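The values are calculated or read from the model by the stated rules, or taken from the named source; none is laboratory data. Quick caveat: nothing in here was measured; it's all calculated off a predicted structure. So basically every Cβ, Gly included, is an ideal-geometry build from the backbone, and we count neighbours across all protein chains shown. Please note that ligands, DNA and RNA were not included when accessible areas were found on the heavy atoms of the full protein model with its side chains. Shrake-Rupley method; radii C 1.70, N 1.55, O 1.52, S 1.80 Å.
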Amino acid sequence: MKSACNPTLETKDFAREAANKAAPLANTGHVTGQLTAYSAVPASAASFEQLGNAYTEYTQTNDARLEELEQKSSADTLLDEKLARLDEIIDGQLRRINEVQLKSQRLPRSAPETGHSQTVEGEHKTAFDTYMREGRETQLKALEQKAMSAGLSADGGYLLPEQLETDILRRLTSLSPIRSIAAIRKISGPSYRRPVVKTNPTADWEGETDSRAETPGMKFEMREVKIFELAAMPAVTQTLLDDAAVNMGEILAEEVETAFAEKESSAFLNGNGTSEPLGLLKGTVHGTLDDTGVSIGSIKTGAAGAFASSNGGDVLISLIYGVKTAARRNARFLLNRRTQAALRKLKDGQGNYLWQPPVTAGADPSLMGFPVTEAEHMPDMTAGSNPYAIAFGDFHRGYMVVDRVGISVLRDPYTSKPNVLFYITKRVGGGIMDYDAYKLINFSA
């Protein structure tokens with residue numbers, strides 16, 4: 001079995017436009033829906049070299065495996081084991097490079113306040129620091145009452161300073177794969193509502209003396225993104241609170257960012273829309289790649305939990321061209337690392353591997369010329385109740401994350417002595433804005 005794709009199609013030919021588009025993005029650091037300082041990423045040269053060496057060895061090993069399959073109808077298990085080890089090495093190097101990139105994207109922290117600033121923001125930061133360290137809330141309460149703030153939630157607590165809230169949201173965007181590719185809005189109300197076109201207006205050719213008939217007009221429907229509460233309760237020792245040199249805002253951000261990012265990433269993909277945001281995989285799905293405007297298109301691989309044994313990569317070609325042209329310009333693949341490992345083995349008709357490692361620091365791996373975003377909470381390649389292991393399209397256009405302004409914190413020095421607990425809540429929602437902007441692969445027969 002020399003080829004897993006249509007032998008008449010060469011990957012580099014049909015994906016040239018996407019590849020050319022990806023190159024300037026890597027140089028400028030601009031990706032739709034996010035800002036990344038690619039040129040400033042101090043990526044480890046050793047990690048990139050090891051990634052390249054591991055990928056070269058991977059392709060050579062897989063070529064040997066395919067040759068054995070063709071000659072003997074079975075492959076040496078040692079080759080399969082070696083491929084699995086090389087997969088782990090490649091994934092490890094990609095994670096290491098991404099960690100360096102994420103670290104470079106974090107905002108520089110300001111030093112702890114040493115005196116009272118004359119600005120409102122400075123006063124808020126000073127009052128908030130006093131509340132966190134000592135539990136004294138008089139000054140903080142006065143500031144929020146003066147601003148007529150709605151910061152006191154049903155559970156109590158006070159709003160984080162604006163700069164600290166911005167910093168936490170920025171770090172969440174770096175950590176959460178869906179936040180980094182979706183559209184993001186900030187609101188102050190209980191939900192976000194946006195009108196979308198349900199029926200486009202029609203037009204007719206008219207003769208000079210023809211009677212004029214009224215043509216149907218444009219029709220709209222409202223898409224609503226509801227807001228849900230996400231909470232975490234990190235613990236800090238009193239000794240650390242007493243240390244004046246410690247930036248408590250930084251400690252707070254680092255404690256909650258991973259927990260929030262983990263929960264958000266899961267909900268933005270698989271959320272039920274009732275007690276958590278609606279996931280982009282949980283909209284209504286239909287079994288063709290047709291555009292309907294009300295459900296997500298999908299295509300089956302023809303094999304349960306796998307690609308088809310013959311020309312398995314053809315389903316990717318159908319998926320790519322099943323997305324409308326306007327959405328395909330900024331499209332990318334979305335999948336987890338186990339699915340990505342399976343894709344590394346696929347070739348086109350000319351023997352080119354469909355998956356390619358990143359070519360520069362801060363860039364993503366590519367699949368058939370389109371960038372790949374790895375999301376751990378994407379389903380595995382199974383034919384179970386959730387078989388949609390690969391999504392492709394413009395997720396900035398298709399999905400929206402909505403943050404309600406204000407992250408609140410409540411100090412609790414009593415429940416877990418000698419530690420001090422901080423009950424931190426943020427309100428966030430997510431919803432599908434354009435059902436035709438992306439499509440899914442169904443790993444079913």
I need two numbers for region 171-268: Rg to one decimal and Dmax as a whole number, Cα atoms only, in Å.
25.2, 89
Could you tally the net charge around residue 179, taking each other residue with its Cβ under 11 Å from the Cβ of residue 179, Lys/Arg +1 and Asp/Glu -1?
0
What whole-number distance in Å separates the alpha-carbon centres of region 214-282 and region 357-391?
23
For region 326-365, calculate the relative contact order in percent as a whole number, restricting contacts to Cα pairs under 8 Å that are 6 or more residues apart.
21
Rg followed by Dmax, in Å, when region 317-445 is reduced to its Cα trace
19.9, 68
Which percent of Cα pairs goes in each bin when the distances of region 345-391 are cut into 10 angstrom slices starting at zero?
23, 40, 32, 5
What full-extension length gain, to one decimal in nm, is calculated for residue 254 and residue 70 as 0.36 nm per residue of separation minus the Cα-Cα distance?
61.0 nm
Using label points projected 7 Å from each Cα along Cα→Cβ, tell me how many nm separate residue 191 and residue 137, to one decimal.
3.1
Report the extension gain between residue 221 and residue 60 in nm, rounded to one decimal, defined as 0.36 nm multiplied by the number of residues separating them, less their alpha carbon distance.
52.6 nm
Carbon + sulfur, % of accessible area of region 365-445 - ligands and nucleic acids excluded, 1.4 Å:
50
Straight-line reach check, residue 426, cutoff 16 Å on alpha carbons, 8 or more apart in-chain or any other chain, hits among aspartates and glutamates -> 155, 162, 165, 167, 229, 254, 255, 257, 262, 264, 276, 403
Wrap a convex hull around the Cα atoms of region 372-445, take a quarter of its surface area, and give that in square nanometres.
8.4
Would you mind calculating the gained length between residue 205 and residue 239 on full extension (0.36 nm times residue separation, minus the Cα-Cα distance), in nm to one decimal?
4.3 nm
